[in-house]
Amino acid sequence: MGTLDGKTLFITGASRGIGLAIALRAAADGANVVIAAKTADPNPKLPGTIFTAAREIERAGGKALPLQVDIRFEEQIAAAAAKAAETFGGIDILVNNASAISLTGTLQTPMKRFDLMFGVNVRGTFAASQALLPYLLKAKNPHILTLSPPLSLDPKWFGNHCAYTMAKYGMSMCVLGMAEEFREAGVAVNALWPRTVIATAALAMIPGVEFRNCRKPEIVAEAAHGILTRDSRACTGNCFLDDEVLAAEGVTDLSRYAVEPGAPLLPDLFL
């Protein structure tokens, strides 16, 4: 595998969960990590803040820049991007990880929640990509990696939670469009999605799912690392699955990523 040593990653929603796991894997290489997330003060319902994440990243061997950012507001993203570039001398990678979820039907989805999902997932992904691209276009091996699923028009993915599906697919459509738009410029734009449900704080939003039937966020982080160390000109426009990326890297024994080895694993949504 290649290395992210000396690279600067701008990760949205990196104060916890998959975003933090990706940050820690990069930090182990000696990367610089910009933690662009909302949580500056402890939340009794959710673990982690931008500052606790920064301490973990630095303990793991990286350099951290915690910035409070709500990606629904483009001026906050722009200010954070400028601060990141000033601090680290440029930006090499954007990870669009921040996401809002509500697995509710049409009549059970308040418009406030609808707006949150579209504001964070679709608009936030587009806005972050737009703001970071001027910096990425100056980088040697630039990547945008978005945590979103493969696109499918199978009605079964829409029937139970239409709004959420549209919001997540909107992120994937950003990948589809931007990969083609910036192909000649050499900016890799890819999506990554886990094969199984991942044990994160977001799991509480999925009724009936137990941690024992999940994998740890580290499997997604390892897959992200595998993608982000590839040649950006030769790796773009893909909707990757975490286990397929690891298999390509020669990693086929995934038992260490299970929360409870041997327990049946629950496939993630959209697969």
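Descriptive notes on the structure:
- Qualifying residue in the range 169-192 (condition: at pLDDT 95 or above, in a helix (DSSP H, G or I), among the small types (Gly, Ala, Ser) and more than 20 Å from LEU132 (Cβ to Cβ)): no
- Filter result for ALA167 (closer than 25 Å to ASP5 by Cα and within 16 Å of the chain's Cα centre (by Cα)): no
- Within the set PHE88, PHE73, the sole residue that is closer than 19 Å to ALA167 by Cβ and among the aromatic types (Phe, Trp, Tyr) turns out to be PHE73.
- For the range 1-23, the tally of residues that are at positive phi and assigned to a helix (DSSP H, G or I) stands at 1.
- Look at (1) within 23 Å of MET166 (Cα to Cα); (2) of a type outside the set (D, E, K, R); (3) within 16 Å of the chain's Cα centre (by Cα) and you find that ILE35 fails only one, number (1).
- A count restricted to the range 201-227 and to residues that are outside any helix (DSSP H, G or I) and surrounded by 22 or more Cβ atoms within 10 Å (Cβ to Cβ) stands at 3.
- Annotation: of all residues in the range 67-113 being crowded, with 17+ Cβ neighbours inside 10 Å, under 21 Å from LEU136 (Cβ atoms) and without any contact (Cβ under 8 Å) to a residue 40 or more places away in the chain, the one that is farthest from the chain's Cα centre (by Cα) is GLN76.
- Looking only at the range 228-237, residues that are free of Cβ contacts under 8 Å to residues at least 60 places away in the same chain and buried (at least 20 other Cβ atoms within 10 Å of the Cβ) come to 1 in all.
- GLY90 among the small types (Gly, Ala, Ser), within 30 Å of GLY159 (Cα to Cα) and in contact with a strand residue (DSSP E or B) (Cβ under 8 Å, 6 or more places away or on another chain): no
- The range 24-53 - residue that is in a helix (DSSP H, G or I) and in contact with a Ser or Thr (Cβ under 9 Å, 6 or more places away or on another chain) and, of those, nearest to ILE219 (Cα to Cα): ASP29
- The single condition among (1) in contact with a His (Cβ under 9 Å, 6 or more places away or on another chain); (2) β-branched (Val, Ile, Thr); (3) part of a strand (DSSP E or B) that THR104 does not meet is (3).
The values are calculated or read from the model by the stated rules, or taken from the named source; none is laboratory data. Computed from a prediction, not measured in an experiment: that's the story for all the values here. Virtual Cβ from ideal backbone geometry, glycine too; neighbours counted across all protein chains shown.
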